[in-house]
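A short write-up of the structure that comes next.
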Amino acid sequence: MPIYITEFSSPSPIAPLAGAQPQAALQGQTRSDCSESLFDIERAAEYIGMSAKWLYKHYADLPHIRIGYGQKPRIKFRRCDLEAWVREHRIE
């Protein structure tokens, strides 16, 4: 005989694991709501008005995403993060 479920609650879209904390909470940072495509070094440098050479030297000072491991990871940037960084470093 089949069992029919008459009442149910819809699950949350993302159910956290027991005892798990979001990555952003672990680092004390907030997650960006930015869902734009990622910029590579050359495009990010052009966007902020600097040379790619400068950005290769200073990318660690800017909000970035590191994809991969080893000697040649891919470094990517979000436009909204670059805009926020420029606003924070504006001199008035």
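Read-outs throughout are calculated quantities, based only on the coordinates presented, and are distinct from any laboratory measurement. The structure displayed is predicted, hence computed values, not measured ones. Reconstructed Cβ throughout: ideal geometry from the backbone, glycine too, with neighbour counts over all protein chains shown.
Miscellaneous remarks
- Considering region 57-68, the residues that are over 12 Å from residue 85 (Cβ atoms) and within 17 Å of the chain's Cα centre (by Cα) include one that is surrounded by the most Cβ atoms within 10 Å (Cβ to Cβ), namely 65.
- Residue tally, condition over 14 Å from residue 80 (Cα atoms) and loosely packed, with under 11 Cβ neighbours inside 10 Å, over region 33-56: 2
- Pairs with Cβ under 6 Å, 6+ apart, first in region 34-62 and without any contact (Cβ under 8 Å) to a residue 40 or more places away in the chain, second in a strand (DSSP E or B): 41/75; 44/77; 59/75
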